[in-house]
């Protein structure tokens with residue numbers, strides 16, 4: 001059923017009030033009473049939209065992760081801009097640089113939503129989802145370590161940890177660097193990582 005404009009406007013008021021309150025308090029501290037007061041609506045109207053503040057948070061989370069999923073599900077972008085043949089190494093560091101660029105731009109644009117997610121590790125969720133939905137392709141990239149599967153296993157998880165650490169730090173710092181600045185730094189780290197993998201493969205082969 002299509003929602004009318006009045007319903008949508010009320011929805012916007014509730015969310016704006018929620019985000020405004022979260023600038024000053026944690027999710028646990030914010031109350032429905034405060035939300036309806038900030039939004040200028042009554043309690044019955046709030047409950048027409050949400051069962052409680054946690055249902056409101058969950059709905060926002062679902063929408064955000066749905067948008068993020070579109071980024072990590074783009075197989076075409078997975079294969080772009082990450083392969084730099086350097087000696088023996090032909091490993092493409094996942095996620096692709098283009099996917100990271102799009103993710104950081106999304107995060108910066110939706111910083112209110114990202115900060116709302118402070119109670120869960122958004123970076124870890126994103127990276128784990130990415131590796132799960134792209135497992136076959138990622139495993140194929142690490143096939144260059146066929147002579148040393150143990151190294152491949154640990155390297156894959158080290159890369160996951162690096163990405164989670166970098167994104168998570170940026171989120172927790174409140175986006176002090178712009179998306180462009182973060183992306184530039186991330187690109188430098190990936191380049192150094194590729195150089196290290198080249199040397200590692202040269203030693204194995």
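The values are calculated or read from the model by the stated rules, or taken from the named source; none is laboratory data. Just so you know, these numbers come straight off a predicted model, no measurement behind them. For neighbour counting, all protein chains shown are included, and Cβ atoms are generated from backbone atoms with ideal geometry for every residue, glycine included.
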Checklist line | Boolean, residue 60 is within 30 Å of residue 104 (Cα to Cα), assigned to a helix (DSSP H, G or I) and at pLDDT 95 or above | finding: no
Check: Under 8 Å by Cβ, and 6 or more places apart or on different chains, what pairs join a residue from region 39-58 that is surrounded by 12 or more Cβ atoms within 10 Å (Cβ to Cβ) with one that is outside any helix (DSSP H, G or I) and at pLDDT 95 or above?
Finding: 53/31; 56/50
Next item on the list: May I ask you to list pairs of residues, at least six apart or on different chains, whose Cβ atoms are under 7 Å apart, with the first in region 4-21 being free of Cβ contacts under 8 Å to residues at least 40 places away in the same chain and outside the structural domain of residue 112 (by TED's automatic domain parsing) and the second being surrounded by fewer than 19 Cβ atoms within 10 Å (Cβ to Cβ) and part of a helix (DSSP H, G or I)?
Entry: 10/45; 10/49; 11/49; 17/38; 20/38; 21/34; 21/38
Check: Can residue 143 be described as farther than 22 Å from residue 71 by Cβ, over 18 Å from the mean Cα position of the chain (by Cα) and free of Cβ contacts under 8 Å to residues at least 12 places away in the same chain?
Finding: yes
Checklist line | Residue that is surrounded by the most Cβ atoms within 10 Å (Cβ to Cβ) [pool: residues in region 170-179 that are assigned to a helix (DSSP H, G or I) and touching a residue at least 60 places away in the same chain (Cβ under 8 Å)] | finding: 170
Margin query: Just to check your reading of the model, which residue among 82, 104 is at pLDDT below 80, assigned by TED's automatic domain parsing to the domain that holds residue 127 and crowded, with 17+ Cβ neighbours inside 10 Å?
Written below: 82
Margin query: Suppose we filter 163, 144 for residues that are in the same structural domain as residue 198 (by TED's automatic domain parsing) and buried (at least 18 other Cβ atoms within 10 Å of the Cβ); which single one remains?
Written below: 163
